[in-house]
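Structure first, commentary second.
The values are calculated or read from the model by the stated rules, or taken from the named source; none is laboratory data. These numbers were taken from a predicted model, which means no experiment stands behind them. Every residue, glycine as well, gets a Cβ built from its backbone with ideal geometry; the counts of neighbours run over all protein chains shown. Calculation scope for accessible area: heavy atoms of the full protein, side chains included, ligands and nucleic acids excluded. Shrake-Rupley method; radii C 1.70, N 1.55, O 1.52, S 1.80 Å.
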Amino acid sequence: MKIRILTVFLLLSATQAFSQNKVGTTAAPFLGIGAGPRAIGMGGAFTAVATDPSALYWNPSGISRSGQTEFLLEHTNYLVGTSFNYFAGVIALDENNAIGLSVTNLNYGSDLVTTVSEPDGTGETWSASDWAIGLTYSRNLTDRFSIAGTAKMITQNIWHESATGWALDAGVLYITPFNDMKIGMEIANFGTEMQMTGSDLLVSYDPNPSMAGNNKNIPAEYYTNSYPLPLFFRVGLAMDVVNSDNNRVTLAADAIHPSDNLQSMNVGAEYSWSKLLFLRAGYKSLFLPNSQEGLTLGVGIRYEITMHLILKLDYGFENFGMLKNLQEFALTVGF
């Protein structure tokens, strides 16, 4: 009964959240960038698969299933000269409880400040970046059902202006009796709106220029609109169609309903040999009109240095159509 109540609550929350949102009118679109080369290699079909630290992005309820303490560091040269960086750390408290910390950064770089009178630059530089920091708690309620919640602080910065928002993520994971098929669900970025403020928006204002003798320098501030965060509701299925001593094949599919775009579907697969070598393939954004995303590939290596120290190196490739091909790398250390 608890499982049913939690699942229905998550579905109703998602329905209410998406019923009032519009396409293309959200702040912090960087929150839609998928984390982890393993997930990217599987086409983003990861909601029911995720148990490594990148689960903090896809479905945080998976971290209490691994029973390991792990730290993941990712770097990607992203689109149009930007860079995407992701850190995730998971600490297993015991066999049923885990906590996590994630830090997401999209860096837009810097450039010279130019004006009409100084087109070659004023000697100053400006920069822009986005950040999200999340704290997660995950618990296995039964041997087949897990829940998790994440509290996040989100900031966007451009030169002297910035905006801050707060959000919650919630996820559930259920391992069915049918060949241990997994069902995962997550609602992400349920939170406040974001509004830019900063010193460059402060001005002096004359309310009546035609009147002599009035104060021409009344302190004022330009008003900027506030925008909601991009909500994501994901439902995923995953199952090991082959699971022997040395070979495992996992098939997965995700349905995604975002508040700032149309619905789409991701599919992916992973082949594991002796838990040492991993090959992945997938396809992103099926049924999404005019999408530049598509084929994804990936490879991973797991090396057990000692009984208590494991290193994982993952690589993901994503075809981004006319924009460019993305290559992502991540190093994971497990204890």
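Below is a table of values for the structure above.
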| quantity | calculated |
| --- | --- |
| Interchain or long-range residues, amide H under 5 Å from L93's placed H | A98, I99 |
| Cα centroid separation - the range 21-79 against the range 172-242, whole Å | 19 |
| Centre separation in Å (Cα based) which lies between the range 262-335 and the range 101-126 | 32 |
| Paired Rg and Dmax values of the range 173-306, which use every Cα atom, in angstrom | 26.3, 89 |
| 3J(HN,Hα) from dihedral phi, the range 278-287, Karplus parametrisation 6.51/-1.76/1.60, rounded to Hz, x for glycine, proline | 10, 10, 9, 7, x, 9, 9, 6, 4, 6 |
| Of H308, T296, Y283, farthest towards positive along the dipole that unit charges on Lys, Arg, Asp, Glu beta carbons give the range 270-318 | H308 |
| Degrees separating the helix 2-18 axis from the principal Cα axis of the chain, which is the longest one | 30 |
| Gain on full stretching of the segment that runs from R139 to N77 - 0.36 nm per residue minus C-alpha separation | 18.9 nm |
| Accessible surface, per residue, of the chain when the full set of protein chains is kept, probe 1.4 Å, Å² | 52 |
| Segment I301-W126, extension gain: residue separation times 0.36 nm, minus the distance between their alpha carbons | 59.0 nm |
| The range 76-159 - Debye-derived log10 I(q)/I(0), Cα point model, q = 0.11, 0.25 Å⁻¹ | -0.50, -1.12 |
| Separation in nanometres of the label points that stand 7 Å from Cα toward Cβ, at T164 and Y271 | 5.0 |
| Exposed-loop-free span, longest in the chain, where trypsin sites (Lys or Arg not before Pro) count as exposed if DSSP calls them loop and at most 13 other C-beta atoms lie within 10 Å | 23-215 |
| Net length gained if the chain between T25 and N215 were fully extended (0.36 nm per residue, minus Cα distance) | 64.6 nm |
| Residues D180 and S226, FRET efficiency given R0 of 45 Å [Cβ-Cβ distance, rounded to 0.05] | 0.50 |
| Surface accessible to a 1.4 Å probe, M239 within the full protein complex, Å² | 40 |
| Relative contact order of the range 43-180, pairs being alpha-carbon contacts under 8 Å that are 6 or more residues apart, as % | 20 |
| Helical mean residue ellipticity (222 nm; -39500 (n - 2.57) per DSSP H run of 4+; nearest 500) of the chain | -2500 deg cm²/dmol |
| Span per principal axis, largest first, for the Cα atoms of the range 12-161 (Å) | 68, 36, 27 |
| For the chain, projected area of the alpha-carbon convex hull averaged over all directions, nm² | 21.8 |
| Average Cα contact separation per residue, the range 182-294, under 8 Å, 6 or more apart, as relative contact order % | 20 |
| Assigned charges on the beta-carbon of Lys, Arg, Asp, Glu; the chain dipole about Cα centre (debye) | 1060 |
| Label point distance in nm, D94-D111, each placed 7 Å from Cα along Cα→Cβ | 5.5 |
| Cleavage-rule hits, GluC sites (Glu not before Pro), the range 154-223, DSSP coil, Cβ neighbours within 10 Å at most 15 | E193 |
| Relative contact order [Cα under 8 Å, 6+ residues apart], the chain, whole percent | 19 |
